[in-house]
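Notes follow once the structure below has been shown.
The values are calculated or read from the model by the stated rules, or taken from the named source; none is laboratory data. Source: prediction; values computed, not measured. Note: ideal-geometry Cβ built from the backbone for every residue, glycine included; neighbour counts use all protein chains shown.
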Amino acid sequence: MKNKHFTLLTLAALAIILFGCNNEPQKETKQETSEPELYASHKPYTRWWWFSSEIDNKDVKDQLVWLRDHGFGGVEIAWIYPMGLDSTTAHPEFLSPEWASHVNFAKRTADSLGLGCDFTYGTLWPFSDANLPVNDQTRTYFENDDCLAGKSVESANRGYTWDFPREARILNHLDKNAFYRYADKMNKGLAEAYKGSKSGVFVDSWEVETQYAWTPGFGETFMQEHGYDITPYMENRTLLDEENADVFYDYMHTLSGYVLNEFYQPFADNATKVGAFSRAQCGGAPTDLLTAFTLVDVPETEAILYEPCFSKIAASAATLADKPAVTAETFTCAYGWTSLRYKNGRGQSPHQGREQIADLKLICDALFANGTNQIIWHGFPYNKVGDTTNHFYTTCQVSTSEDNNLTGQDLTDFNNYMTRVSDYMRRGKNYSNLAVYMPLEDAWMGGTYPDSVRKVKAFFWGEYEMRFINTPEEFKGMQPIWVNEHFLKSAKFENGVLHCGDADFKALYCDVEYMEMSALKEIIRLAEAGLPVIVKRTPKEPGMVKHAEYENLIEQLVRLPNPPAPFGRGNCDSPTTSDLKPLIEGENLPDFWIREDNDTYYIFVANPMTQTIEYPLDYCYAFTDQGATRQITVNHHGKTESYTLNFNPMKSIMLKVDTNGIEQIDLGFEPKRMREQ
């Protein structure tokens, strides 16, 4: 029962917080270092599908030149199955000297053209290898014995790789030694390709079985961490039952540690060791997502298979860990998808070849307004010179063929638009005045998504993925940023500022049902130091083992005095009051993202239509836009200005706000209606 003396800062009290005094000096942009900026051109990259086949260097150069001439900044080479799943297609052995010679040529050519060149760290995904030792194979609890005995396990295999029709074993992502053995082979194959400009090595979203995931030693580790045996819940298949939510939470807690320490950290360390950088989609991983995204050099999100708001997790990680680039796999399955097996292994996404750039612009604008600042197309197929028949089945098809929509000047203009926005969204650093405690414990206690959610996106199942969480709408104008216990442990509150990672905040907002005792202790520590903490609900302790101390901590939080003015309920007449107002105020605010560059704010305000997109996108949906108007107030540089946002159909808005006032920047792009299907 909620303690009747428990003081909750209401919205009214928070308003006082937001309108309080501020004596903080102007933050300075971090000094440039000698380390080259990743994705420095800000031009879109594209995933470049190399189908298992004989590769001709003339074709490689031809395609790279075409991409450069159409506004691309680089490629990510992805090695996949033979087109049409034709097992008779001749191809060099994966990682062989012949294979490597073509990859090395692509890298040298990209360098000569001023293009970046990244590599998917394997063939297809997740990481797999036809020659992977059986003991290095992923497994679930029920498949554990079969895996160790060398038997074929369906969920631990991948069929559609460069080595098709050979089955490849999926790597055990919970064993760093297995990863390093796998990485050793990849590094030898890519050794020459790592030379020249710095390349990214990439891991896609977590497409490994997560229900009852297991690895040798997991049971012992679980026992050490939680003090009881997990195996009865595994053997009886009751781990996912609603009544065992506390057990599942503990399972996720242990599993998360494995994912962070046995996979993402080794993946990042390996990239550094070979002179590359790490880029990762942590989406779908059964782990502490915010922390996972901070371990790699470039956190990557995805849309619209993931909701645009999911991008805020990657953007928050980048803010806390000082990562300049936040990339996004963009336009995958925009209108839905068709099975690879369709049409004898030549499945095609709906409307492939007739994609409407206006529709795609809605997706990229939604990403920009949720913290993404670098687009990666999905994607561009390798083809012979003069041939355009190869295609990847879930891609919006970038093509050299004039018969396709995503080609020619229309494609170039769209790429130039995304480059301009990315450039503004890389200036300075992300602005925020409010830290928001991420509801990780709620997600791990949540179990499975309801059928009503899963029926459209049947390829996910658990709330641990946090696909739909969003920062509080009522404080949108402060551009809230997610934080977690990992960063709160080292956070300090000094001179009215919460220093948390590489970010600074004025207050911490908590609206969660569950909270770890260790996190609660950190919040109390910071609150006692003077940090304004806005608590919407009294949290409960997750997990099987409850601590009597937890209730004492809640009481301790209750007894904390109201924060002094300007953060409490007192009055403040300081002339700097406006410094703590939300930067943007207004009714029915569109989505936006703010970059702070010394005394200047760059604000990308997405067309309100972006808030209505969902998977799968209706074909030609963008053309239903009739335009919109929003009245906003911008509180900046000690003054308040009203401004009218006039959204023309299919257009978003870029604002520059400095001491001189508010200026709207012309982004210079309006998509046209293209050939339909």
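Would you pick out the residues in the stretch 416-443 that are of a type in the set (A, V, I, L, M, F, W, C), more than 30 Å from Gly71 (Cβ to Cβ) and either assigned by TED's automatic domain parsing to the domain that holds Thr330 or not in a loop (DSSP other than H, G, I, E, B) (or both)?
Taking the stretch 416-443 as the starting set, the residues that turn out to be of a type in the set (A, V, I, L, M, F, W, C) are 418, 421, 425, 434-436, 438, 440, 443.
Pick out the ones that are also more than 30 Å from Gly71 (Cβ to Cβ) and you get 434-436, 438, 440, 443.
Those that are of a type in the set (A, V, I, L, M, F, W, C), more than 30 Å from Gly71 (Cβ to Cβ) and either assigned by TED's automatic domain parsing to the domain that holds Thr330 or not in a loop (DSSP other than H, G, I, E, B) (or both): Leu434, Ala435, Val436, Leu440, Ala443.
If you go through the stretch 470-485 one residue at a time, do you hit one that is over 30 Å from Leu240 (Cα atoms) and in a loop (DSSP other than H, G, I, E, B)?
Our first condition is that a residue be over 30 Å from Leu240 (Cα atoms); within the stretch 470-485, this holds for 473-481.
Filter again for in a loop (DSSP other than H, G, I, E, B), leaving 479-480.
For the stretch 470-485, residues over 30 Å from Leu240 (Cα atoms) and in a loop (DSSP other than H, G, I, E, B): present.
Considering only the stretch 263-283, I want to know if a residue exists there that is hydrophobic (A, V, I, L, M, F, W, C) and under 27 Å from Gly336 (Cα atoms).
Taking the stretch 263-283 as the starting set, the residues that turn out to be hydrophobic (A, V, I, L, M, F, W, C) are 263, 267-268, 271, 274, 276-277, 280, 282.
Retained after the next criterion (residues that are under 27 Å from Gly336 (Cα atoms)): 280, 282.
There is at least one residue in the stretch 263-283 that is hydrophobic (A, V, I, L, M, F, W, C) and under 27 Å from Gly336 (Cα atoms).
Filter the stretch 259-268 down to the residues that are surrounded by 15 or more Cβ atoms within 10 Å (Cβ to Cβ), out of contact with any Cys (no Cβ under 8 Å at 6 or more places or on another chain) and not small (Gly, Ala, Ser) and list them by number.
Our first condition is that a residue be surrounded by 15 or more Cβ atoms within 10 Å (Cβ to Cβ); within the stretch 259-268, this holds for 259-260, 262-268.
Retained after the next criterion (residues that are out of contact with any Cys (no Cβ under 8 Å at 6 or more places or on another chain)): 259-260, 262-263, 265-268.
Scanning the stretch 259-268 gives Val259, Leu260, Glu262, Phe263, Gln265, Pro266, Phe267.
Return yes when Gly336 is over 15 Å from the mean Cα position of the chain (by Cα), surrounded by fewer than 24 Cβ atoms within 10 Å (Cβ to Cβ) and on the phi > 0 side of the Ramachandran plot and no when it is not. Write out each step before concluding.
Numbers: over 15 Å from the mean Cα position of the chain (by Cα): yes; surrounded by fewer than 24 Cβ atoms within 10 Å (Cβ to Cβ): yes; on the phi > 0 side of the Ramachandran plot: yes.
For Gly336, the condition - over 15 Å from the mean Cα position of the chain (by Cα), surrounded by fewer than 24 Cβ atoms within 10 Å (Cβ to Cβ) and on the phi > 0 side of the Ramachandran plot - is met.
Return the total of residues in the stretch 356-413 being within 16 Å of Ala303 (Cα to Cα) and among the charged types (D, E, K, R).
Residues meeting the conditions: 3.
Restricting the search to the stretch 514-530, which residues are within 15 Å of Asp504 (Cα to Cα) and within 29 Å of the chain's Cα centre (by Cα)? Explain how you work it out, then say what you get.
The first filter runs over the stretch 514-530 and keeps only residues within 15 Å of Asp504 (Cα to Cα), leaving 526, 530.
Leu526, the sole residue that qualifies.
Quick one: is Val453 among the aliphatic types (A, V, I, L, M) and not in a loop (DSSP other than H, G, I, E, B)? So that I can check it myself, show each step before the final result.
Details: among the aliphatic types (A, V, I, L, M): yes; not in a loop (DSSP other than H, G, I, E, B): yes.
So Val453 fits the description; yes.
Being hydroxyl-bearing (Ser, Thr, Tyr) and surrounded by 22 or more Cβ atoms within 10 Å (Cβ to Cβ) is the filter here, so list the residues in the stretch 438-470 that pass it.
Of the stretch 438-470, the ones hydroxyl-bearing (Ser, Thr, Tyr) are 448-449, 452, 464.
Selection gives Tyr464 alone.
Is it the case that the stretch 579-598 has a residue that's more than 30 Å from the chain's Cα centre (by Cα) and farther than 30 Å from Asp403 by Cα? I'd like the intermediate steps shown before the answer.
Taking the stretch 579-598 and keeping what is more than 30 Å from the chain's Cα centre (by Cα), we get 579.
Of the ones still in play, those that are also farther than 30 Å from Asp403 by Cα are 579.
Yes - at least one qualifying residue is present in the stretch 579-598.
Search the stretch 412-433 for residues being among the hydroxyl-bearing types (Ser, Thr, Tyr) and out of contact with any helix residue (DSSP H, G or I) (no Cβ under 7 Å at 6 or more places or on another chain), and hand back the single one that is farthest from Thr46 (Cα to Cα). Steps first, please.
If we filter the stretch 412-433 for residues that are among the hydroxyl-bearing types (Ser, Thr, Tyr), which is where we start, we get 412, 417, 419, 422, 424, 431-432.
Subsequent filtering for residues that are out of contact with any helix residue (DSSP H, G or I) (no Cβ under 7 Å at 6 or more places or on another chain) retains 412, 417, 419, 422, 424, 431.
Working: Thr412: 13, Tyr417: 15, Thr419: 13, Ser422: 15, Tyr424: 20, Tyr431: 28 Å.
Filtering the stretch 412-433 for residues that are among the hydroxyl-bearing types (Ser, Thr, Tyr) and out of contact with any helix residue (DSSP H, G or I) (no Cβ under 7 Å at 6 or more places or on another chain), the one farthest from Thr46 (Cα to Cα) comes out as Tyr431.
Tell me yes or no: at least one residue of the stretch 586-607 is more than 18 Å from Gln479 (Cα to Cα), modelled with pLDDT of 95 or more and buried (at least 16 other Cβ atoms within 10 Å of the Cβ). Give the steps one after another, and end with the answer.
We begin by selecting, within the stretch 586-607, every residue more than 18 Å from Gln479 (Cα to Cα); these are none.
Checked the stretch 586-607: no residue is more than 18 Å from Gln479 (Cα to Cα), modelled with pLDDT of 95 or more and buried (at least 16 other Cβ atoms within 10 Å of the Cβ).
If you go through the stretch 606-649, how many residues are part of a strand (DSSP E or B), farther than 20 Å from Leu367 by Cα and among the small types (Gly, Ala, Ser)?
Going through the stretch 606-649 one residue at a time, the tally reaches 1.
Sort out for me the helices (runs of 4 or more DSSP H) sitting completely within the stretch 285-370 that have 2 or more residues that are in contact with a Pro (Cβ under 6 Å, 6 or more places away or on another chain).
Working: elements: 289-295, 311-321, 342-345, 357-368.
Per the criteria, 311-321, 357-368.
Tell me which residues, restricted to the stretch 383-406, are in contact (Cβ under 8 Å) with a residue 60 or more places away in the chain, surrounded by fewer than 23 Cβ atoms within 10 Å (Cβ to Cβ) and of a type in the set (Ser, Thr, Tyr).
Thr389, Thr394, Thr400
Search the stretch 208-257 for residues being within 18 Å of Glu441 (Cβ to Cβ), in contact (Cβ under 8 Å) with a residue 60 or more places away in the chain and among the aromatic types (Phe, Trp, Tyr), and hand back the single one that is surrounded by the most Cβ atoms within 10 Å (Cβ to Cβ).
Phe248
Which strands (runs of 3 or more DSSP E) does the stretch 34-142 wholly contain that include 2 or more residues that are without any contact (Cβ under 8 Å) to a residue 60 or more places away in the chain and closer than 24 Å to Ala280 by Cα?
Details: elements: 45-51, 74-80, 116-123.
Qualifying strands (runs of 3 or more DSSP E): 74-80.
Taking Asp365 and the conditions (1) within 23 Å of the chain's Cα centre (by Cα); (2) surrounded by fewer than 18 Cβ atoms within 10 Å (Cβ to Cβ); (3) acidic (Asp, Glu), which numbered condition does it fall short on, given that it satisfies the others?
(2)
Given the conditions (1) modelled with pLDDT under 95; (2) surrounded by 17 or more Cβ atoms within 10 Å (Cβ to Cβ); (3) among the polar types (S, T, N, Q), which single one is not true for Asn635?
Answer for Asn635: the failing condition is (1).
In the stretch 481-515, what count of residues is obtained for those that are buried (at least 18 other Cβ atoms within 10 Å of the Cβ) and among the acidic types (Asp, Glu)?
Selection size over the stretch 481-515: 1.
Counting only residues that are in contact with a helix residue (DSSP H, G or I) (Cβ under 7 Å, 6 or more places away or on another chain), under 29 Å from Gln352 (Cβ atoms) and not charged (D, E, K, R), how many does the stretch 621-649 have?
3
Quick check: is even one residue across the stretch 278-292 over 22 Å from Ala328 (Cα atoms), among the basic types (Lys, Arg) and either in the same structural domain as Glu76 (by TED's automatic domain parsing) or touching an Asp or Glu at 6+ places or on another chain (Cβ under 6 Å) (or both)? Even if it seems obvious, please write down each step before you answer.
Here is the first cut: in the stretch 278-292, the ones over 22 Å from Ala328 (Cα atoms) are none.
Within the stretch 278-292, none of the residues are over 22 Å from Ala328 (Cα atoms), among the basic types (Lys, Arg) and either in the same structural domain as Glu76 (by TED's automatic domain parsing) or touching an Asp or Glu at 6+ places or on another chain (Cβ under 6 Å) (or both).
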